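Everything on this sheet refers to the single structure shown next.
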């Protein structure tokens, strides 16, 4: 399946908001407690890449900056199934750039979001811990070395909560 990776354009976020995979919508709502549109509006602040399949945006991925580390993210339409292994291969250099920039990349991923987890694991991310949000389990995944990580709190620096999550403390 031919596809193109390019810088994300303003309309790509709107298209993805309307055509996002159900599991990505669910993950956004559980983790942040607000609509897909609001989450996409938040992500517009950060540079992102867009995978275009059959002339339509299919995958957006980027890295949000938080304090002294990067927070990689990926949201997609169902068309992600058309390019799984080639997408991983072509996203490796982009993720390496993020790692060079931040030194440490981390995010919390819904345990039921198998496609996103496969992408992250194929890129070299490691699962650090389970993180419950209500009755749902998220996995903290990371790559690189975070400066000033305190032991005993799962790598939250001076915070006791998940960045961007509902504010519940890890158990």
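Annotations
- Some residue of the range 158-165 being at pLDDT 95 or above, in contact with a helix residue (DSSP H, G or I) (Cβ under 7 Å, 6 or more places away or on another chain) and under 27 Å from residue 37 (Cβ atoms): no
- In the range 92-124, the residues that are touching a helix residue (DSSP H, G or I) at 6+ places or on another chain (Cβ under 9 Å), over 18 Å from residue 21 (Cβ atoms) and crowded, with 17+ Cβ neighbours inside 10 Å: 95, 105, 123
- Any hit, the range 66-89, residues being outside any helix (DSSP H, G or I) and at positive phi: yes
- Whichever residue in the range 128-142 is in a strand (DSSP E or B) and touching a helix residue (DSSP H, G or I) at 6+ places or on another chain (Cβ under 8 Å) and, among such residues, is surrounded by the most Cβ atoms within 10 Å (Cβ to Cβ): 138
- Residues in the range 24-36 that are over 14 Å from residue 60 (Cα atoms) and surrounded by fewer than 20 Cβ atoms within 10 Å (Cβ to Cβ): 26, 29, 30, 32, 33, 34, 35.
- Single residue of the range 51-60 satisfying the filter (in contact (Cβ under 8 Å) with a residue 12 or more places away in the chain and surrounded by fewer than 22 Cβ atoms within 10 Å (Cβ to Cβ)) that is nearest to the chain's Cα centre (by Cα): 52
- Residues that are surrounded by 20 or more Cβ atoms within 10 Å (Cβ to Cβ) and more than 13 Å from the chain's Cα centre (by Cα), drawn from the range 37-50: 50
- Identity of the residue in the range 90-117, within 12 Å of the chain's Cα centre (by Cα) and not in a strand (DSSP E or B), that ends up nearest to residue 24 (Cα to Cα): 113
The values are calculated or read from the model by the stated rules, or taken from the named source; none is laboratory data. Note that the structure is predicted; figures quoted are calculated from it, not measured. Backbone-built Cβ (ideal geometry, glycine too); neighbour counts: all protein chains shown.
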